[in-house]
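The values are calculated or read from the model by the stated rules, or taken from the named source; none is laboratory data. Bear in mind that the values here come from a model prediction, so they are computed numbers and not experimental data. All Cβ positions, even for glycine, are placed from backbone atoms using ideal geometry, and neighbour counts span all protein chains on display. Ligands, DNA and RNA are stripped out before the accessible areas are found, and what is left, the full protein with its side chains, is counted by its heavy atoms. Shrake-Rupley method; radii C 1.70, N 1.55, O 1.52, S 1.80 Å.
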Amino acid sequence: MAKKQFKSESKRLLDLMINSIYTHKEIFLRELISNASDAIDKLCYISLTDDKVPMTREDYNITISTDKEARTLTISDNGVGMTAQELESNLGVIARSGSLKFRDEMEEDVEDIDIIGQFGVGFYSAFMVAREVIVKSRSYGNDDANQWVSQGSDGYSISPCEKETIGTEIIISLKEDTDDEKYSDYLEEYKLQSIIKKYSDYIRWPIVMDLTKSRQVESGELDDEGNEEMIWESYTQSETINSRIPIWQRSKSEVSDEDCAEFYKEKFSDYTDPASVIRVSAEGTVSYQAMLFIPSVAPFDYFTREYKAGLQLYSSGVMIMEHCADILPEYFRFVRGVVDSQDFSLNISRELLQHDRQLKVISTNVEKKIKTELKRLMDEEREKYESFYNSFGVVLKYGIAGSYGTNTELLSDLIMLYSSKNEKLISIGEYVESMSTEQKYIYYASGESIALLDKLPQGEQLRDMGYDILYLTEEIDEFVVRSLGSFNEVTFRSVNDDDLELEDDEDKEEISRQEDENREVLDFIKEALEGKVESVKISSKLKSHPVSLSAQGGISLEMEKYFKSMQSRSDNVMGDIRAERVLELNPSHSSFSTIKQAYDTDKDKAAKYAKLLYGQALLTQGVPLEDPAGFSELISELTFS
């Protein structure tokens, strides 16, 4: 029969589709299997009202077979098949879908059938790997069979052929191997199994393939001891490759938590059980099913560029995207799992998801489910939550700090910080609940370690009053509390702030009196420090320590250290971002008396004492000295001279 040209599209369109639309060539097998599943769906639906259909549900299957010598891969189904006219209209017109037409015709009962293919171009993905495609088909209700043959955009032919059973058989003659592509891989059992498990594992109909097995058999000969010798032989056995029913589509009574954990570990290559499993079956404006996993520990590559976040997306059991990051917010990027919905609006390649209303609805719902489950873990299974938090708490923190407070309402009650009083991680809500009635603020201290913060002079007064202090030991922590600002209307206050508002009116009057009385000394110390501090003041915080360093304004000492570290890591010049430092002196300590006496008798020595106290304050605060050698000489001079 004479070759026909594609009716509605040009060679350029077919070339574009083959070379640009599909990211991976292996997708072709997914598309052809999905089409075969659609064909069986159609015949199965017809059988509901037509008792002449010769098959029952148990008879339907999709068969994959290969011929290595001929370099052919065959995908067969016993579905509804196509007439010559349907071959012409469905395969002769690019981007016309018989599945979509069938669905439209059955609009009244559309909920009873589930047609995967809707765009009519998936079939042509076969030409990514094929030099020639032959489609043999015999439609239900017809005795005649026909074949469609094409080598690509140069056209196609349709002619009668022999086919004993109804259904469709697609024979792909593979291209020759090149340096860049080894097309013969699609003739290997392991490759075909891998692709089917990856993309089509949950197609509802059995996908059957002959697999090579090994077994021991008697050789017919005896060994030296007179025993029958055994040898290994290869044999072929037909097996169903796909799982068919996804675990997330089964009821909770059918699938235990242990089953879910095993699925998670196998699917996402984790050796530990997940901290929690979230099962979702939503119906309404958007219907979908999901199984989400909150990991217990972070994958080895989680904090690297190689890690791929996102949920696996399925449409009617066919995987359409392996890593959809858009459905998860960045602060929940650690969640693994699957989402399956018929409502996804797919583009013609099925690989890309349109950013439509359905996706946004699912994304919002998934976010709420994750938040609810994390809060439940914190409240009811604290040990599991702490294990999770040790791995992923920093991600939640960045979710708050990185959004400039936008996500505080969602994430604030999931944050845990170290309690100096309880000597363990607690939630901010637990801190607030334990506050005494007279306590005004949520007090916190920032530093490199718990050991350092335990000795921080600024915390003495708070500890003496029985107040708890939250210790912030990660770089991001102070940005988090600054972004939060408050929790349940209780404001955060750093122990390094120049005013903790712990004094009553009488105490304030006494401090004011002492500052007035020692104004000349305080001004002298500030001048001696040559611009290193914004002010020098009498402290009400200090009890046993002689000096401390605090900050006024929006930049704390810890934030200053962070910005400096960022500047050293980057070529970008961020400028010299510094805290407005305040040197606080303990008027009851002997060091204050010493510097006052030196001010009256030897101002040069008093200036050295000022620098010594300032260096001591830096070290106590964990801030590096600008001139360690000079500070060491200063100690020697003032101590031993």
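Summary table
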{"item": "Residue list for region 134-144, filter: under 45 Å from the mean Cα position of the chain (by Cα) and either open to solvent by less than 30 Å² (accessible area, probe 1.4 Å) or touching a residue at least 60 places away in the same chain (Cβ under 8 Å) (or both)", "result": "VAL135, SER137"}
{"item": "Any hit, region 192-209, residues being on the phi > 0 side of the Ramachandran plot and out of contact with any Asp or Glu (no Cβ under 8 Å at 6 or more places or on another chain)", "result": "no"}
{"item": "Among the residues listed as GLU107, GLU88, GLU58, the single one being open to solvent by less than 20 Å² (accessible area, probe 1.4 Å), charged (D, E, K, R) and modelled with pLDDT under 95", "result": "GLU88"}
{"item": "Residue tally, condition assigned to a loop (DSSP other than H, G, I, E, B) and either open to solvent by less than 60 Å² (accessible area, probe 1.4 Å) or closer than 24 Å to ALA451 by Cβ (or both), over region 584-625", "result": "7"}
{"item": "Those residues of region 265-298 which are β-branched (Val, Ile, Thr) and surrounded by 15 or more Cβ atoms within 10 Å (Cβ to Cβ), in sequence order", "result": "VAL277, ILE278, VAL280, VAL286, ILE294, VAL297"}
{"item": "Residue within region 242-254 that is more than 30 Å from THR56 (Cβ to Cβ) and either loosely packed, with under 15 Cβ neighbours inside 10 Å or in contact with a strand residue (DSSP E or B) (Cβ under 6 Å, 6 or more places away or on another chain) (or both) present", "result": "no"}
{"item": "Residue among SER256, SER316 that is of a type outside the set (D, E, K, R) and within 26 Å of LYS360 (Cα to Cα)", "result": "SER316"}
{"item": "Flag for VAL394 being part of a helix (DSSP H, G or I), open to solvent by 30 Å² or more (accessible area, probe 1.4 Å) and among the aliphatic types (A, V, I, L, M)", "result": "yes"}
{"item": "Hits in region 299-312 (condition: hydrophobic (A, V, I, L, M, F, W, C) and surrounded by fewer than 16 Cβ atoms within 10 Å (Cβ to Cβ))", "result": "PHE300, PHE303, ALA309"}
{"item": "Failed criterion for ILE33 (all others in (1) of a type outside the set (Lys, Arg); (2) open to solvent by 10 Å² or more (accessible area, probe 1.4 Å); (3) modelled with pLDDT of 90 or more hold)", "result": "(2)"}
{"item": "Filter result (modelled with pLDDT of 85 or more, among the small types (Gly, Ala, Ser) and touching a Leu at 6+ places or on another chain (Cβ under 7 Å)) within region 310-346", "result": "GLY310, GLY337"}
{"item": "Answer residue from region 206-230, given it is surrounded by 10 or more Cβ atoms within 10 Å (Cβ to Cβ) and not in a strand (DSSP E or B) and is modelled with the lowest pLDDT among those", "result": "ASP223"}
{"item": "Where a residue in region 427-439 is without any contact (Cβ under 8 Å) to a residue 60 or more places away in the chain and its partner, wherever it lies, is surrounded by 13 or more Cβ atoms within 10 Å (Cβ to Cβ) and hydroxyl-bearing (Ser, Thr, Tyr), with Cβ under 6 Å and at least six apart", "result": "GLN439/TYR467"}
{"item": "Considering residues of region 487-504 that are under 15 Å from TYR431 (Cβ atoms) and in contact with a Leu (Cβ under 9 Å, 6 or more places away or on another chain) only, the residue most open to solvent (accessible area, probe 1.4 Å)", "result": "ARG493"}
{"item": "Search result, residues across region 229-261 that are under 21 Å from ARG30 (Cβ atoms), of a type in the set (S, T, N, Q) and out of contact with any helix residue (DSSP H, G or I) (no Cβ under 7 Å at 6 or more places or on another chain)", "result": "THR240, SER243, GLN249"}
{"item": "Candidates GLU233, GLU228, filtered to the one that is more than 30 Å from ILE278 (Cα to Cα) and in contact with a Gly (Cβ under 9 Å, 6 or more places away or on another chain)", "result": "GLU228"}
{"item": "Residue tally, condition under 18 Å from VAL623 (Cα atoms) and surrounded by 19 or more Cβ atoms within 10 Å (Cβ to Cβ), over region 537-561", "result": "12"}
{"item": "Residue in region 263-307 that is farthest from LYS384 (Cα to Cα), counting only those that are among the charged types (D, E, K, R) and modelled with pLDDT under 90", "result": "GLU283"}
{"item": "Residue within region 238-255 that is at pLDDT below 95, over 38 Å from the mean Cα position of the chain (by Cα) and at negative phi present", "result": "yes"}
{"item": "Region 328-341 residues that are on the phi > 0 side of the Ramachandran plot and touching a residue at least 12 places away in the same chain (Cβ under 8 Å), paired with ones that are part of a strand (DSSP E or B) and open to solvent by less than 10 Å² (accessible area, probe 1.4 Å) (beta carbon under 7 Å, 6 or more apart)", "result": "GLY337/ALA290; GLY337/MET291; GLY337/LEU292; GLY337/PHE293; GLY337/LEU311"}
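Per-residue answers, yes or no, for (1) at pLDDT 60 or above; (2) in a helix (DSSP H, G or I); (3) in contact with a Cys (Cβ under 6 Å, 6 or more places away or on another chain); (4) open to solvent by 20 Å² or more (accessible area, probe 1.4 Å):
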{"position": "ASP15", "(1), (2), (3), (4)": "yes, yes, no, yes"}
{"position": "THR23", "(1), (2), (3), (4)": "yes, no, no, yes"}
{"position": "CYS44", "(1), (2), (3), (4)": "yes, yes, no, no"}
{"position": "ILE64", "(1), (2), (3), (4)": "yes, no, no, no"}
{"position": "ILE75", "(1), (2), (3), (4)": "yes, no, no, no"}
{"position": "GLN118", "(1), (2), (3), (4)": "no, no, no, yes"}
